[in-house]
Amino acid sequence: MPSEVFLELSVGGKCLGRVYINLWTNQRWAQQFLTLCMGTLGPSYRGAMSSEVHNQGEPGENMVFPHHVESGRANEQAIFSNVELGEDHPEELVEGHLGAPETQHQLQTYCHSISYNYQTLDNCQTSGFVIYTIGSPREFSFIPFGKVFSGLDVVKAAVRHTPNSITISNCGLVLPNSLI
């Protein structure tokens, strides 16, 4: 299954750049994220806006995108069923940290991580996500489903703007060079 997608971030109609993400597609969160980047079922992240930045300038800093766009309207609900906590997580996290923790509560946030937006809905049936720009040694109950492999500087630039002015102006699947 394809595993690389991009998000193009803009502010006030001006493109800040593209963020390239490698997804762990064995997880339903990643499969939903891929589907929303491609927009093949109708709903898409194209047009979605950031709502806030948590812990700005501090460990655990992250940019929150709480919804996708469906029929021109913001929607926080998951588009797939059975998207929930407790899924298998990859043995390789990010930035060279290897070895799967024994429980989700032992996971730490690492810079570049992509996670579901754990603050959107109590039952975690959400389409929202966060991108961590600064890692944290604190433990959180979140499951990463991907990592930024290029363009973290774009997210860091976006963090300096008013959060609700950041829009995903384009998104999609990254095609392998062999297909181009």
Amide H to amide H, which residues 5 or more places from residue 127 or on other chains are under 5 Å from it, using H placed in the peptide plane? 77, 78
Report, by chain and number, residues whose modeled amide H sits under 5 Å from the one on residue 166, excluding near sequence neighbours (fewer than 5 apart, same chain). 50
If r is the Cβ-Cβ distance from residue 26 to residue 153 and R0 is 45 Å, what FRET efficiency results, to the nearest 0.05? 0.95
Extended-chain gain in nm, criterion 0.36 nm per residue less alpha-carbon gap, residue 74 and residue 14: 19.5 nm
Note, the range 17-27: 3J(HN,Hα) by Karplus (6.51, -1.76, 1.60, θ = phi - 60°), whole Hz, Gly/Pro = x, goes x, 10, 10, 9, 10, 9, 9, 8, 6, 6, 9
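The numbers here are math on the coordinates, done by the rules we state, and not lab data. What you are looking at is a predicted structure, and each value in this text was computed from that prediction instead of being measured. When we count neighbours, we look across all protein chains shown, and the Cβ atoms used for this are built from the backbone with ideal geometry, even at glycine.
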